[in-house]
1. How big is the convex hull of the Cα atoms of region 209-320, per residue, in Å³?
2. Where the eigenvalues come from the Cα gyration tensor of region 493-648, what are the semi-axes √(5λ) of the equivalent ellipsoid, largest first, in whole Å?
3. For the pairs Lys144/Lys653; Lys310/Lys520; Lys310/Lys609; Lys310/Lys522; Lys310/Lys356; Lys356/Lys649, note any where the Cα-Cα span goes beyond 26 Å.
4. Please give the FRET efficiency for Arg424 paired with Glu596, using the beta carbon to beta carbon distance and R0 = 22 Å, rounded to the nearest 0.05.
5. Out of every Cα-Cα pair in region 163-215, what percent are more than 13 Å apart?
6. With N set to the number of residues, divide the alpha-carbon radius of gyration of region 206-246 by 2.2 N^0.38 Å and report two decimals.
7. Need one number: nm distance between label points at Ser664 and Ser226, each 7 Å from Cα along Cα→Cβ, rounded to one decimal.
8. Between rounded, prolate and oblate, where does region 588-668 land on the alpha carbon gyration tensor, with a ≥ b ≥ c its root eigenvalues, rounded for a/c under 1.5, else prolate if a/b exceeds b/c?
Amino acid sequence: MAKYKMYLRRTIKKLCVTILTSLILTGCGGGANTGTTPSVVVVPPQVVLTPEREGQSVARMWNEVLLLAIRNDFARPTIHARNLFHISSAMFDAWSVYNPSTRSFLLGNEVAGFSCPSTVIQLPEDILPVQEQAISFAAYRMIKHRFIFSPGSVEIMAAATDLMQDLGYDFDDESLDYGQGSAPALGNYIADCYIRFGLQDGANEPKFYSNTSYQPVNPALVLSNSEVGNPSIVDLNRWQPLSIDGFIDQAGNRLDEAPTFLSPEWGQVVPFALSENDKTTFTRDGFDYQVYHDPGMPPLIEGAISEQFKWGFSLVSIWSSHLDQNDGVMWDISPNSIGNITSFPNSFTEFNEFYKQLEGGDPSTGYGLNPVTNQPYSEQIVPRGDYTRVLAEFWADGPESETPPGHWFVILNSVSDHPLLEKRWAGEGDTLSKLEWDIKSYFAMGGTMHDAAVAVWGIKGRYDYIRPVSAIRAMADLGQSSDPSLPSYHVSGLPLVEGFIELVTETDLLAIDKPQHIGKIKLYAWKGPGYVSDPLEDQAGVEWILAEEWWPYQRPSFVTPPFAGYVSGHSTFSRAAADLMTSITGTAYFPGGMSEFEVIANDFLVFEKGPSVSMTLQWATYQDASDQCSLSRIWGGIHPPADDIPARKIGVKIATDSFEFVQSFFDQ
């Protein structure tokens, strides 16, 4: 902004010199009197410099403040998907007022019974300056309202106020009367409509988004170095809260105790493009759970597909063995070998054909050539144990992250900044200005991420499905389910897999001086956070451990997100965002045919030391990035495959419907 102010001063000075010179040359202002009538000086109207004319989109500036706000709030993906949508939509409405070819989302319309009346205003000759003002006041008021109680509210409010001051706007102007054309009042009015809309949209914002009905059926699983197994679980099919001393959420905020289920009733929230035709209502304990794109029942511990339940959660423990850089397995992680998934399983019984149970990964085939450069992608060989840990942490959206929906806004911004991107909507038509591109793409991405949250958390609340840390420990307590003739048999125990899931014998190291462990289940897996005293220096590594002591690859102060697993939010957010970006850019490929993220050796991992080598995460297409994100949640110990594939399919549907709905707002 300092650069912008300097440029403004230079331009004004240059303009003054030009006008003064013109006056002198035409005989005015002290020029020689020739006895002729001076020429009439026609000074063209001054062009007001704006961020857009300086080369920056004001929408992008406010999006960056919004992302900063999310990073400084609690880790609440549902709430932040809604924030991203409402604030992006408010900016879109402020922009669309000055564009007769578009229509607003909320302004001048009725949405789900809420009305936001509008008044016709006369458009100025120079639209851009007032357009940017209206956008800024709308965004500023919304951010101020939504984040006033955030743990980082001081930093958030300072960033928002500083931007208003840098733009030269009076942030104390709170007028709502825009009838005479006041851009600040228009922005304030739009923000006021969205604020009032949000107070009655089903999110329960007036009561800080608290649950109104949901109660967990299982008592909390106590997780500490002294507690093992899962002795208190009641129902192995249902979600279980965790009891963690010194719980720290994924945004880095320390809480007195682990929170209860986040947003199990979110299916009640007014969506963007989700259709009533896609909604099913399920009643449980007197509450109606609204579910869009119902995926059906996940595998249960008993019943016709109980083997898929045991297979899926045992796969999570097996993939935990891939988290060691010293296992000797090397992978090519470039688009030469990874990516280009063309189909998904049609049923849970086909999952074992998609996921590589023992070695990890999926049926990626990679790409022969980069379609932009027409050259092969270069191989990149790294230890599997480095790659898997990097993926688990990169996509986890931990401290200083924007949560999964915000993460895709960051990816969108990086694509928008790419010099090879042509800002043609859907890859067609004229090149858009930075402001129009950002406004439209934020509106589309915001609506898509919001619908993903509404759909996914409606499903999570309805099915209330168990997480791996609860399931694996509970099944370990029961025993093994593979062979009735062997010790510790139980039909609902863990299946034995040679080299990965076995019984502890009397000669086992785990039984030395501890004969009570004989007959228990052991896993060849990541040893857990108890083996990491200093994350800058220590690695837990992989070894045989008691299954009752299994940990996800996460921080001990967090362990697992505080809500049910089925279906995966990461998988739905990512696939919906990836398909949307394919639609708005007109190509499945990142600009240049590849996007990259550099990872420096021993300077990236947070949970433990590593990776041992530098690497570059690479994705040819938006879908490749999405698919990688999905796999990362299995290596991280957060989701079994059953949570993943249905979520990806739902993401595809959401992106399709959202983009079609977005298009209806343009070219009126």
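1. On the way: hull volume 20.2 nm³, N = 112.
Dividing the Cα hull volume of region 209-320 by its residues yields 180 Å³.
2. Semi-axis lengths for region 493-648 are 36, 20, 13 Å.
3. Details: Lys144/Lys653 33 Å; Lys310/Lys520 17 Å; Lys310/Lys609 32 Å; Lys310/Lys522 15 Å; Lys310/Lys356 16 Å; Lys356/Lys649 20 Å.
The pairs that break the limit, which is 26 Å between Cα atoms, are Lys144/Lys653; Lys310/Lys609.
4. Numbers: r = 24 Å, r/R0 = 1.08.
Efficiency, rounded to the nearest 0.05: 0.40.
5. The answer is 68 percent, as a whole percent.
6. Working: Rg = 13.0 Å, N = 41, 2.2 N^0.38 = 9.0 Å.
Computed over Cα atoms of region 206-246, the ratio equals 1.44.
7. The modelled label-to-label distance comes out at 6.0 nm.
8. Values: a/c = 3.16, a/b = 1.64, b/c = 1.93.
Since a/c reaches 1.5 but b/c is at least a/b, the shape of region 588-668 is classed as oblate.
The values are calculated or read from the model by the stated rules, or taken from the named source; none is laboratory data. Being a predicted model, the structure only gives us computed values, none of them experimental. Every residue, glycine among them, receives a Cβ derived from its backbone with ideal geometry; neighbour counts consider all protein chains shown. Ligands, DNA and RNA are stripped out before the accessible areas are found, and what is left, the full protein with its side chains, is counted by its heavy atoms. Shrake-Rupley method; radii C 1.70, N 1.55, O 1.52, S 1.80 Å.
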